[in-house]
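Asks: Input: one structure, supplied below.
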Amino acid sequence: MTRSHDAIRSVKLSSVTLPLSTPISDAKVFTGRQKAMTEGIFLFAEITTEDGREGMGFSYSLRAGGPAQYAHAVEVADGLIGEDPNDIARLYTKLIWSGASVGRSGVAPQAIAALDTALWDLKAKRADLSLAKLLGAHRDSVRTYNTSGGYLNSTLEEVKEKATQSLEAGIGGIKIKVGLPDGREDLRRVAGVREHIGEDVPMMVDANQQWDRTTALRMGRKLEEFGLTWIEEPLDAYDAEGHAELARSLDTPIATGEMLSAVPELERLITARSADILQPDAPRIGGITQFLRVATLADQAGLDLAPHFVMEIHLHLAAAYPREAWVEHFDWLEPLFDERVEIADGRMIVPTRPGLGLTISDQARAWTKDTAVVGRL
C-alpha cells in the first residue's frame with residue numbers, strides 16, 4: 001500500500017469590503033461607545049495544493065481590525081507552503097508560533113482562522129464530504145433564529161414586521177437588541193415583540209455588554225416574565241464572575257462568549273459557570289481547530305451552544321455538536337457566495353456539498369480591496 005503525499009503550493013489572500021444596505025446600531029452605538037456599522041471587512045484564504053485541490057476559508061471584522069487581519073495573514077501564510085494540508089492541528093500551532101510576539105488572541109488567531117478554515121474545507125472536499133459529515137454530524141439540520149431584524153435603529157413596528165417575515169421564511173426564533181440608556185424602552189420593545197410573535201416562538205434578547213451588574217440583575221428580573229430563551233451579553237464580555245452571578249440568580253438562561261478571541265478566555269467562562277449557553281465564534285478564536293477545542297470543553301460542562309454570526313461555517317459545527325445547538329441567521333453574507341443556506345420549519349439545513357459548500361461570488365471579487373499570493377499559482 002502506497003501513501004500519497006500532497007503539499008500546499010499556494011495561498012491567495014483577499015480583503016473584501018462588504019457594504020451593508022442600512023447602517024446598523026445596537027446598544028454600543030446608543031451608549032456612545034461605537035459608531036453605526038456600515039460595512040464588514042472579510043479576509044478570504046484560498047489554498048491550492050500540488051495536486052490541484054482547493055480549499056477556501058474566511059474571517060471577518062465588523063468594525064476596526066480588518067486590514068490588520070489581512071496584513072498578519074500575509075506575513076504568516078508562507079509557513080504553509082510545502083506542508084501537508086492534512087496536518088491541520090500541527091499547522092495551526094506553526095502559524096500561531098510564527099507570530100508569537102503579538103500573542104495568541106485578537107488579530108493573530110482571527111487572521112489564522114481564514115487559513116485554518118480553508119484547510120478544513122480542503123480536507124472535507126478531499127473526502128467528498130460536507131464539513132459536518134467529516135467532523136461527525138449528529139444531525140442534518142440545526143435550530144435557527146434571526147437577529148438582523150431586531151436592531152435598535154429599527155422602530156418597534158419595523159422589528160415586528162421583520163419578525164413576521166423571518167417566521168414566514170421558516171426561521172424558528174427571534175432575537176432583538178436591548179441595552180438602551182432607558183431600560184423602560186427596552187421593556188416596551190420586548191413586550192411588543194413577544195405579544196406580536198406569541199408565547200410559543202423562541203425569543204432572545206441581546207444587550208451587547210452595555211449593562212453593569214446592578215442594571216443587569218434588575219433588568220433580568222423584569223425580563224423573566226417574557227419566557228426568553230436567553231439573555232445575551234448582559235455584561236462586559238470579560239466579566240466571568242458577573243455573568244456567573246447572573247446565571248445563578250435568574251431563571252432565564254445567560255448566553256455569552258462571542259467577543260472572546262482565544263480558547264483560554266472561553267475556558268474561563270466555562271470554569272466559572274458564566275453561561276448556560278456558550279457562544280463561541282470560530283473566525284474570532286482561530287478557526288475550526290480551536291472551535292472544536294471549545295466545543296469539547298463546553299460539552300463536558302453540559303453547556304448548550306449557540307455560535308455567533310457566520311452561519312455559513314457555524315451550521316456545520318453546530319450539526320457536529322452532541323447537544324442540539326442554535327445557529328444565528330444573518331443574510332448579510334449572502335452576496336459573498338453563489339450558494340444560499342436552506343431554511344425550513346425553524347431549522348437550517350446542512351448542505352450536502354463537499355466542504356463548506358461555498359463558492360466565492362463574482363460580487364465578492366468585485367469588492368476586493370487587496371490581494372496577495374504566497375507560493376506559486
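Asks: Do we find that Asp121 is buried (at least 19 other Cβ atoms within 10 Å of the Cβ) and acidic (Asp, Glu) in this structure?
Replies: Yes.
Asks: What number of residues within the stretch 5-34 satisfy the criterion of being at pLDDT below 90, surrounded by 20 or more Cβ atoms within 10 Å (Cβ to Cβ) and within 30 Å of Thr48 (Cα to Cα)?
Replies: 0
Asks: Another question, then. Hey, any hits in the stretch 28-49 for a residue that's hydrophobic (A, V, I, L, M, F, W, C) and more than 22 Å from Trp367 (Cα to Cα)?
Replies: Yes, the stretch 28-49 has at least one match.
Asks: Where in the stretch 312-377 are there strands (runs of 3 or more DSSP E), lying wholly inside it, with at least 3 residues that are closer than 21 Å to Trp120 by Cα?
Replies: 368-375
Asks: In a helix (DSSP H, G or I) and either within 22 Å of Ser61 (Cα to Cα) or basic (Lys, Arg) (or both), is that true of Glu267?
Replies: When the stated conditions are applied, Glu267 does not pass them.
Asks: Suppose we filter the stretch 145-185 for residues that are over 25 Å from the mean Cα position of the chain (by Cα) and either in the same structural domain as Val29 (by TED's automatic domain parsing) or crowded, with 21+ Cβ neighbours inside 10 Å (or both); how many remain?
Replies: 0
Asks: Can you find, within the stretch 115-169, the residue that is farthest from Gly287 (Cα to Cα) among those that are of a type in the set (Asp, Glu) and part of a helix (DSSP H, G or I)?
Replies: So, considering only residues that are of a type in the set (Asp, Glu) and part of a helix (DSSP H, G or I), the one farthest from Gly287 (Cα to Cα) is Glu157.
Asks: Which pairs have Cβ atoms under 7 Å, sit 6 or more apart or on different chains, and link a residue in the stretch 62-75 that is assigned by TED's automatic domain parsing to the domain that holds Ile96 and buried (at least 19 other Cβ atoms within 10 Å of the Cβ) to one that is among the β-branched types (Val, Ile, Thr) and in a helix (DSSP H, G or I)?
Replies: Note: pairs meeting the criteria are Gln69/Val107; His72/Val107.
Asks: Here's another thing I want to ask about it. Could you count how many residues in the stretch 322-364 are surrounded by 23 or more Cβ atoms within 10 Å (Cβ to Cβ) and closer than 21 Å to Ala301 by Cα?
Replies: 3
Asks: Within the stretch 253-284, take every residue that is out of contact with any Asp or Glu (no Cβ under 7 Å at 6 or more places or on another chain) and of a type in the set (Ser, Thr, Tyr) and give me the one that is farthest from Asp239 (Cα to Cα).
Replies: Only one residue tops the list, namely Ser261.
Asks: If a residue must be outside any helix (DSSP H, G or I) and touching a residue at least 12 places away in the same chain (Cβ under 8 Å), how many such residues does the stretch 76-90 contain?
Replies: 6
Asks: Which is more than 23 Å from Arg376 (Cα to Cα) and either among the hydroxyl-bearing types (Ser, Thr, Tyr) or assigned to a strand (DSSP E or B) (or both), of Glu39, Glu46?
Replies: On inspection, the qualifying residue turns out to be Glu39.
Let's see how each residue does on (1) closer than 22 Å to His314 by Cα; (2) in contact with a Phe, Trp or Tyr (Cβ under 9 Å, 6 or more places away or on another chain); (3) of a type in the set (A, V, I, L, M):
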| residue | (1), (2), (3) |
| --- | --- |
| Ser14 | yes, yes, no |
| Thr31 | no, no, no |
| Leu43 | yes, yes, yes |
| Glu46 | yes, no, no |
| Tyr60 | yes, yes, no |
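Asks: Inside the stretch 208-255, can you point out the residues that are in a loop (DSSP other than H, G, I, E, B), under 26 Å from Ala36 (Cα atoms) and touching a Lys or Arg at 6+ places or on another chain (Cβ under 8 Å)?
Replies: Once the filter is applied, which keeps residues that are in a loop (DSSP other than H, G, I, E, B), under 26 Å from Ala36 (Cα atoms) and touching a Lys or Arg at 6+ places or on another chain (Cβ under 8 Å), the stretch 208-255 yields Asn208, Gln209, Gln210, Leu235, Asp239.
Asks: While we're here: Which condition from (1) touching a Lys or Arg at 6+ places or on another chain (Cβ under 9 Å); (2) in contact (Cβ under 8 Å) with a residue 12 or more places away in the chain is the one that Lys162 breaks?
Replies: Status for Lys162: all satisfied but (1).
The values are calculated or read from the model by the stated rules, or taken from the named source; none is laboratory data. Everything numeric in this text was worked out from a predicted model, so none of it was measured. Positions of Cβ are backbone-derived with ideal geometry, glycine not excepted, and every protein chain shown enters the neighbour counts.
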